[in-house]
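The values are calculated or read from the model by the stated rules, or taken from the named source; none is laboratory data. None of the values given here were measured: they were computed from a predicted structure. Cβ coordinates were reconstructed from backbone atoms using ideal geometry, including for glycine residues, and neighbour counts include every protein chain displayed.
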Amino acid sequence: MANQLDLSNVKWPEVMDLRTASIFLDLSEMRVRTLAREGGLPASKDDEGSWAFKKSDLTTYKNTPHARKGGGGGPRGDGKGWVIKVKFEDLEKVKAALAPFKIELQPRYNAEKMKASMARSKAKKLAAKAEAAKTGVKPVAPVPTAIKK
């Protein structure tokens, strides 16, 4: 873990540039620029196009709770949902391990379609190997094509 500087005793200027504002808010410069551009953070630009931020506006923003767009603003449903990432191959093992606790997994994909897709992929690979064994020519990796929706 990287060491962090103690910025509690820093005397911040009343008007800050982009870099100083990003340090003050503990956000990346890109995030501060995006917030300013979208109007989420009051700012102005000088004649040269450089951003200027008032310390009072940054302090207000820093002390205001913010929710992410991805739905982090509060619990959904009964508030008991958890998101865990599981490899498809391990899905059945995880289901069995969670069964005694009466925890039901709800995959974000259709398991049957995934199994069928994996079976088709395996069949293609086996067919390519069989063809290579028959002709003595190594198969060339297929060129990616556009995904059909």
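Only residues that are under 19 Å from G49 (Cβ atoms) and without any contact (Cβ under 8 Å) to a residue 12 or more places away in the chain were counted in the range 10-19, giving 1. Answer yes or no: is there a residue in the range 51-65 that is touching a Pro at 6+ places or on another chain (Cβ under 6 Å), modelled with pLDDT of 70 or more and under 16 Å from L25 (Cβ atoms). The answer is yes; a qualifying residue exists.
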